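Shown next, in structure tokens, is the structure this report addresses.
The values are calculated or read from the model by the stated rules, or taken from the named source; none is laboratory data. Bear in mind the structure is a predicted one, so any value in this text is a computation, not a measurement. Note that each Cβ is placed from the backbone with ideal geometry, even for glycine, and that neighbours are counted across all protein chains shown. We work out accessible area using only protein heavy atoms, side chains counted, and drop any ligands, DNA or RNA first. Shrake-Rupley method; radii C 1.70, N 1.55, O 1.52, S 1.80 Å.
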Amino acid sequence: MKQSEKNDKMAEMPVKKLMLVMGAPMIVSMVLQALYNIVDSAFISNMAQNGEAALNALTLAFPFQMLMVAIGIGTGIGTNVLVAKDLGLGDKDRASKVAGNAQFLAIVIYFVFLLFGIFGVQFYISTQTTNPMVYDMAVGYLRICCIASPGVIFFAIYEKLLQAAGHSMHSTIAQIAGAVTNMILDPIMIYGWFGCPELGVKGAALATVIGQCVSWLLAFLFHIKVNTNLSKKLRYLKPSSEVIRKIYVVGLPAIIAQALMSVMTYGLNIIFVSVSEAMVTAYGLYYKIQQFILFAAFGLRDAITPIVSYAYGMGDQKRIREGIKYGLLYTLIIMVIGTIITEGFASPFAKVFSLSGETEGVFISAMHIISISFLFAGINIALQGVFQALNRGLASLIVSLGRQLIFVLPVAWIFAQLTLNFQMPLWIIWTTFPLSEILTAIIACFLLRRNNSLTTQ
């Protein structure tokens with residue numbers, strides 16, 4: 001072991017403890033991110049007028065918001081894996097070059113979303129609804145989120161740089177600060193409190209982007225202060241095609257994996273609206289509540305990835321195996337707790353969001369049926385982190401395609417047609433999600449078993 005690693009928790013701390021030390025703040029961070037999505041929806045749905053229409057508008061905007069997050073996080077994951085591996089090898093210069101190129105990429109990504117916010121939002125929303133009220137709300141909301149998106153992009157990069165060097169608590173503090181800012185500003189801007197104009201849906205968008213910018217700025221300051229193993233010299237910002245290619249060899253499958261959530265939700269919005277607008281509203285709201293559970297698993301996955309990647313860089317096969325073992329175990333515990341919560345609180349959640357009539361019934365059935373899939377989703381999410389850490393991007397991509405595309409959209413479309421043409425009950429459509437997670441988990445376990453050689457370089 002190199003002298004520089006003797007006191008390095010990434011190299012020496014027992015994996016079962018390290019995963020909790022690193023994973024706990026990441027889980028808190030991700031859960032808070034999901035929480036303020038839920039809080040947004042709660043404030044929006046309780047507007048004095050057109051609350052359900054506004055909730056529907058957020059549902060239509062949500063897939064593109066997820067795409068923005070996907071590109072930021074995917075680039076961050078590629079950066080995280082390379083930086084963690086280079087630090088594990090003791091190559092600080094190469095790790096610094098990766099960090100600099102990641103920041104350059106964040107600038108490029110922001111300008112792409114800025115252009116979409118100006119020129120592409122109207123067409124995108126028009127493909128999902130013909131309701132003029134919902135259309136206007138969705139366009140106004142998403143345009144603000146795109147034009148003012150540097151916070152979400154740059155935070156994704158600095159968060160992963162902090163995590164790669166073992167400073168997950170600092171990234172969590174930045175995430176919490178942004179979440180709290182968002183939640184404080186939501187009612188002020190949506191309802192027009194304390195002299196602020198009543199901005200409705202646009203107020204929710206402004207609160208969101210302000211919170212994201214707070215997280216970004218804090219994460220940047222922490223990166224400057226505590227990431228002492230990474231040089232901050234401007235020369236590292238110079239783009240290198242080799243470094244960028246390596247970032248996306250790992251990061252592109254992660255981007256596709258995250259972007260598939262966006263594609264899936266967009267496709268499901270189109271399928272569900274053919275059945276009823278109540279299904280679109282119910283699924284959009286359920287999806288945000290579901291994120292509260294899934295994001296906790298994503299948080300732990302974000303601990304699995306640098307831990308296993310660092311061990312991989314060191315060539316420590318024992319730590320790689322323990323990373324896989326405890327990653328799966330802890331993720332399953334999270335998902336058991338999540339299943340109990342969603343099954344037990346379906347009706348109270350419906351009341352919090354002022355749902356009634358058909359929408360309430362559809363939402364409650366979604367809560368009860370889709371939550372069955374959580375245990376299998378946990379296996380899939382944990383193994384995605386393992387595959388990413390060990391540069392098995394194709395295996396990670398296969399898992400993502402299974403759980404978010406191949407076994408979802410075709411099956412949902414078939415069940416929707418059965419509902420429309422043969423008067424099948426609406427709840428049949430929700431069984432799409434447990435089926436997709438179960439089938440994908442079988443494939444993921446097969447891929448892991450087939451790749452027992454993962455623990456050797």
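Among the numbered conditions (1) surrounded by fewer than 24 Cβ atoms within 10 Å (Cβ to Cβ); (2) of a type in the set (Gly, Ala, Ser); (3) under 20 Å from Glu277 (Cα atoms); (4) within 17 Å of the chain's Cα centre (by Cα), tell me where Ala61 comes up short.
For Ala61, the exception is condition (1).
Looking only at region 415-427, filter to residues that are more than 14 Å from Ile271 (Cβ to Cβ) and aromatic (Phe, Trp, Tyr); which one of those is surrounded by the most Cβ atoms within 10 Å (Cβ to Cβ)?
Top of the filtered list is Trp427.
Just the residues that are in contact (Cβ under 8 Å) with a residue 40 or more places away in the chain, of a type in the set (S, T, N, Q), over 19 Å from Leu32 (Cα atoms) and open to solvent by 10 Å² or more (accessible area, probe 1.4 Å), please, taken from region 206-251.
Within region 206-251, Asn229, Ser231, Ser240 qualify.
Answer yes or no as to whether Val134 is crowded, with 22+ Cβ neighbours inside 10 Å, out of contact with any His (no Cβ under 8 Å at 6 or more places or on another chain) and under 22 Å from Gln103 (Cα atoms).
Working: crowded, with 22+ Cβ neighbours inside 10 Å: yes; out of contact with any His (no Cβ under 8 Å at 6 or more places or on another chain): yes; under 22 Å from Gln103 (Cα atoms): no.
Taking the combined requirement at face value, the residue does not satisfy it.
Go through region 384-414 and give me each residue that's open to solvent by 40 Å² or more (accessible area, probe 1.4 Å) and either touching a residue at least 60 places away in the same chain (Cβ under 8 Å) or among the aromatic types (Phe, Trp, Tyr) (or both).
Once the filter is applied, which keeps residues that are open to solvent by 40 Å² or more (accessible area, probe 1.4 Å) and either touching a residue at least 60 places away in the same chain (Cβ under 8 Å) or among the aromatic types (Phe, Trp, Tyr) (or both), region 384-414 yields Asn391, Arg392, Leu394, Leu401, Leu405, Phe407, Trp413.
Would you check which residues across region 29-55 are open to solvent by less than 10 Å² (accessible area, probe 1.4 Å), within 22 Å of the chain's Cα centre (by Cα) and either under 18 Å from Phe363 (Cβ atoms) or charged (D, E, K, R) (or both) and list them?
Ala34, Asp40, Ser41, Ile44, Leu55
Please work out if Gln384 is assigned to a helix (DSSP H, G or I), out of contact with any Leu (no Cβ under 6 Å at 6 or more places or on another chain), at pLDDT below 85 and closer than 30 Å to Val83 by Cβ. Full working, then the answer.
Details: assigned to a helix (DSSP H, G or I): yes; out of contact with any Leu (no Cβ under 6 Å at 6 or more places or on another chain): yes; at pLDDT below 85: no; closer than 30 Å to Val83 by Cβ: yes.
Spelling it out, it is not the case that Gln384 is assigned to a helix (DSSP H, G or I), out of contact with any Leu (no Cβ under 6 Å at 6 or more places or on another chain), at pLDDT below 85 and closer than 30 Å to Val83 by Cβ.
Here is a check on your reading of the model: is Ser126 at pLDDT 90 or above, more than 24 Å from the chain's Cα centre (by Cα), small (Gly, Ala, Ser) and open to solvent by 30 Å² or more (accessible area, probe 1.4 Å)? It would help to see each step written out before you state the result.
Working: at pLDDT 90 or above: yes; more than 24 Å from the chain's Cα centre (by Cα): yes; small (Gly, Ala, Ser): yes; open to solvent by 30 Å² or more (accessible area, probe 1.4 Å): yes.
When the stated conditions are applied, Ser126 passes them.
Can you list residue pairs whose Cβ atoms sit under 8 Å apart, with the first residue in region 320-348 being closer than 15 Å to Phe298 by Cβ and modelled with pLDDT of 90 or more and the second being surrounded by fewer than 21 Cβ atoms within 10 Å (Cβ to Cβ) and not hydroxyl-bearing (Ser, Thr, Tyr)? Count only pairs 6 or more apart in sequence or on different chains.
Between residues of region 320-348 that are closer than 15 Å to Phe298 by Cβ and modelled with pLDDT of 90 or more and residues that are surrounded by fewer than 21 Cβ atoms within 10 Å (Cβ to Cβ) and not hydroxyl-bearing (Ser, Thr, Tyr), the close pairs are Tyr330/Leu20; Leu332/Leu375; Met335/Leu375.
Can you confirm whether region 289-303 contains a residue that is more than 16 Å from the chain's Cα centre (by Cα) and modelled with pLDDT of 85 or more?
Taking region 289-303 first, the residues more than 16 Å from the chain's Cα centre (by Cα) are none.
Within region 289-303 (the criterion being more than 16 Å from the chain's Cα centre (by Cα) and modelled with pLDDT of 85 or more), the answer is no, since none of the residues qualifies.
This table checks each residue for (1) surrounded by fewer than 24 Cβ atoms within 10 Å (Cβ to Cβ); (2) within 13 Å of Met19 (Cα to Cα); (3) of a type in the set (A, V, I, L, M, F, W, C).
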{"residue": "Val273", "(1), (2), (3)": "yes, no, yes"}
{"residue": "Glu277", "(1), (2), (3)": "yes, no, no"}
{"residue": "Tyr287", "(1), (2), (3)": "yes, no, no"}
{"residue": "Ala296", "(1), (2), (3)": "no, no, yes"}
{"residue": "Arg301", "(1), (2), (3)": "no, yes, no"}
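Looking only at residues that are over 18 Å from Met279 (Cα atoms) and among the aliphatic types (A, V, I, L, M) in region 334-351, which one is most open to solvent (accessible area, probe 1.4 Å)?
In this case the residue turns out to be Ile340.
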